[in-house]
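The values are calculated or read from the model by the stated rules, or taken from the named source; none is laboratory data. Only a predicted model underlies this, so the values are computations on that prediction, with no experimental measurement involved. For neighbour counting, all protein chains shown are included, and Cβ atoms are generated from backbone atoms with ideal geometry for every residue, glycine included. Areas reflect the complete protein model, heavy atoms only, side chains present, ligands, DNA and RNA absent. Shrake-Rupley method; radii C 1.70, N 1.55, O 1.52, S 1.80 Å.
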Amino acid sequence: MGALNTAGSVTFFPDASPFSEYTEISGRAAAMAAERRRRAGGGLGELLLRIREEGKDSIPEHPYLYETDVEISLVDGSCKSPVEKFWNGSSAMYILQKATPNKESDSMEGSRTDDAVYASEVLPKENPGALALSVGRAKQLISLYTMVQNPNMTYLGMNDLVVLPPLWARCDGSDPQHICWIGAEPLKAGNKVTGLNIYTVSCDGPTTDKTRFANLEELKMEHKTRHHSSVVTTKGFAQYELIAAAAIEDTIAESGSNICVDITWNGVEKILETPPLISAATLNIALESGDPRSPVFQLYRELQFLLALAEGLRTGVTEWPEPSESESALKLVQEFLTDLKKKLDGDYLFGNKNGTEKIKCDTDAVDTCIKSIFGERGDLDFTEQLWCKMKSVSSYQELIDCFTLVIKSLEHGEIQPWIHQGSSSFLSQLIQQSYHGKMEDVSLSDITPIQMLLEIGLEKMKKDYVSFFIGQELATVTYLDYFISTSVDLQEQVHRVQKLHHMLEIMVSCTGLLQFRHENLFPLTQICMKYYKENPLNERHVFQLPITPALVKKFYQNDSPEVWKVEISSGHGQKEVKTTWQVSTNAPVEHANNSGFFCDSTVNGSSEERLYFITMTQCSQVQFT
């Protein structure tokens, strides 16, 4: 009998008496094992092909079950890749992990046969976490995938030989190397698979013991020996955290804000070396609005009230601010109207100057270091000043009372307020009508007063943001037109104002924390605006700005990196193979806790040294032709 090799041929072992009977039994066992393996490979191939076909239009929402113990999901670029730290492929991929225990699989276990695919049913959506396979099981699945992709394995019985997406299997690290992932990526020549890249990712740590760190020369020599190469190249990568928003006291959730820099360079000379200044660098900015420490926090609170009004208009339920401990909104409006009446009567005295200063702008909470950037706007018209008074309104009735006072003053000609040209709010229209001594009747009921307040708030805040971006020469009115357009409904206008505020927070943070100047802020503004013209609000989005390391070196030169890695490579094109060694402050695999990784690590709790996880990614190739 014979055994199958990777090329699909059969190697025969001649009978040798007196062991012919033993050889015959062994041959039958080998043949049965080969048949089971053939059926397993064919079954896996058919299932992978089915998943691929069903995922052409949209990625399947649920994973698929293979042999009752393996869960297979298809992942593409629309979601975060679980292997992005180890593999930079951008195509769709299969992710294999241990199946979540469920009653269905338990009942199926009893009716299991020797067939390769016992079930390909869609699993329930609920998944308590990523569960890893044993390293042995993962290697077995990679072996079957290799058979499926091998064009010489025609006897598997698959109808079509197609190039399948790469496959990655989560591992539990139970082997001596602590392997946490094994992956396989097809090598192609046109539509034909010529071989595979096989990846193994091993993890260790956390540790402060740098004697456990690799030696660069030893890594290079090991790579040369494994791949029979005489020449290797090295590429370095380091990530430094510049600004990390700490958790706000007395809250459970931490802020997702972070500013870090990624630096890459060629010609690494030693492990953990500081990147040279000639390196390429990218600033990564993810900033969530609403940090009380932000110099524009009061503007953020103003925006939150605007959002509450918009939500009230949409749902019919409005959440009003808590009553102010100082003067009520109604009293502020009364004083405001009284001052205007005195001015119209010629009785406006210099003693009222403080009142005018008080309503001049709503950025009084902006601290000194930012006032020069987000300065006070001195051209607030009547409706904008009214908004500054009424934004503290604490009930629907108080809202009606405030607008009743304003409308009566307009009807009786007691005030003739000035408004910006082009103002389109309903209150602005009433004011324009009052200039001619005739106003339409206004019914302050239902959603009308809420919409009136929302409109004047929108106009005021739009002008605040436009004043900043134009004043700092970061954008033109034409480029801002999308964000301030009135051709869309009020809800969409509010959404676009949210985008303006998020961009403002980014600019203010980069100015106040990183001391960015116009030459850095301008391209960052263009990147943000381009993104927000095409995408909805997303404060988790990471904006990336190419910079020189010198621009932020002072923030990281005395700090340790969050991630540092060296990539050793040899060969070219599809013959290229890489070895990557990395240290990181965060666990490199998301299934570490579920799989019991790192439990044997020794950590000195009193040490102030940074704890690092160590990750090694190795690549080998299997050639089919």
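Assuming a ≥ b ≥ c are the square roots of the Cα gyration tensor eigenvalues, decide whether segment 470-525 counts as rounded (a/c under 1.5), prolate (otherwise, with a/b larger than b/c) or oblate.
Oblate, since a/c reaches 1.5 and b/c is not below a/b.
May I ask you to derive the relative contact order of segment 461-570, considering only C-alpha pairs under 8 Å and at least 6 residues apart, and to give it as an integer percent? Let's see the in-between values first.
Values: 54 pairs, mean separation 25.6, N = 110.
Reported as a whole number, the value is 23 percent.
Note on residue 311 and residue 269: the model spin-label points, each 7 Å out from Cα along the C-beta direction, lie 5.7 nm apart.
Quick one: order 302, 519 from most to least accessible surface, probe 1.4 Å. Kindly include the intermediate steps, with their values, before the conclusion.
Details: 302 5, 519 120 Å².
Largest accessible area first, the residues go 519, 302.
Probe radius 1.4 Å, ligands and nucleic acids ignored: give me the carbon and sulfur share of the accessible area of segment 434-479 as a rounded percent.
On the way: 1110 of 2220 Å².
The value for segment 434-479 is 50 percent carbon and sulfur by accessible area.
Measuring with a 1.4 Å probe in the full set of protein chains, what accessible area per residue, in whole Å², belongs to segment 450-514?
On the way: 2040 Å² over 65 residues.
The answer is 31 Å² per residue.
Let me cross-check residue 335: its accessible surface, 1.4 Å probe, with only protein heavy atoms counted, in Å² to the nearest 10? About 70 Å², rounded to the nearest 10.
I need the shape label for segment 449-565. Rule: rounded when a/c is under 1.5, else prolate if a/b > b/c, else oblate, with a, b, c from the alpha carbon gyration tensor. Judged from the Cα gyration tensor, segment 449-565 comes out prolate (a/c at least 1.5, a/b above b/c).
Restrict the search to segment 493-535; then list the trypsin sites (Lys or Arg not before Pro) that DSSP places in a loop and that have at most 16 other Cβ atoms within 10 Å of their Cβ.
517
Of the residues 486, 523, 535, the one whose Cα sits farthest toward the positive end of the charge dipole of segment 479-536, with +1 on the Cβ of Lys and Arg and -1 on the Cβ of Asp and Glu, is 523. Accessible surface for residue 62 stands near 60 Å², nearest 10, in the context of the full protein assembly shown (1.4 Å probe).
Between residue 394 and residue 433, the simple spin-label model (points 7 angstrom out along Cα→Cβ) gives 3.3 nm. Between amide H atoms placed 1.01 Å from N, distances below 5 Å from residue 547 occur with 281, 282, 283, all of them 5 or more places distant or on a separate chain.
Could you work out the local net charge near residue 576, counting Lys and Arg as +1, Asp and Glu as -1, over the other residues with Cβ closer than 15 Å to its Cβ?
On the way: positive: 188, 224, 226, 235, 575, 578; negative: 185, 567.
Residues close to residue 576 contribute a combined charge of +4.
Report P(r) for segment 194-241: all Cα-Cα distances, bin width 10 Å, range 0 to the bin holding the largest distance, values in whole percent. Using 10 Å bins, I get a P(r) of 16, 40, 35, 9, 1 for segment 194-241.
Rolling a 1.4 Å probe over the protein chains gives residue 301 an accessible area of about 140 Å².
Computed from label points 7 Å out along Cα-Cβ, the spacing between residue 282 and residue 477 is 3.7 nm.
Tell me the relative contact order for segment 371-466 as a rounded percent, counting alpha carbon contacts under 8 Å between residues six or more apart. Please list the in-between numbers first.
Working: 61 pairs, mean separation 36.8, N = 96.
So the answer I get is 38 percent.
I'd like the FRET efficiency for residue 331 and residue 526, computed as 1/(1 + (r/R0)^6) with the beta carbon distance as r and R0 of 45 Å, rounded to 0.05. Step by step, r from the Cβ atoms, then E = 0.50. When all protein chains stay in place and ligands, DNA and RNA are ignored, the 1.4 Å accessible-area order of 560, 434, largest first, is 560, 434.
Each Lys or Arg adds one and each Asp or Glu subtracts one; over the other residues with Cβ under 13 Å from the Cβ of residue 266, this totals -2. Note on segment 418-530: with charges restricted to the Cβ of Lys and Arg (+1) and Asp and Glu (-1), its dipole about the Cα centre is near 320 debye. Charged neighbours of residue 449, selected by a Cβ distance under 12 Å, balance to -4 (K, R count +1; D, E count -1).
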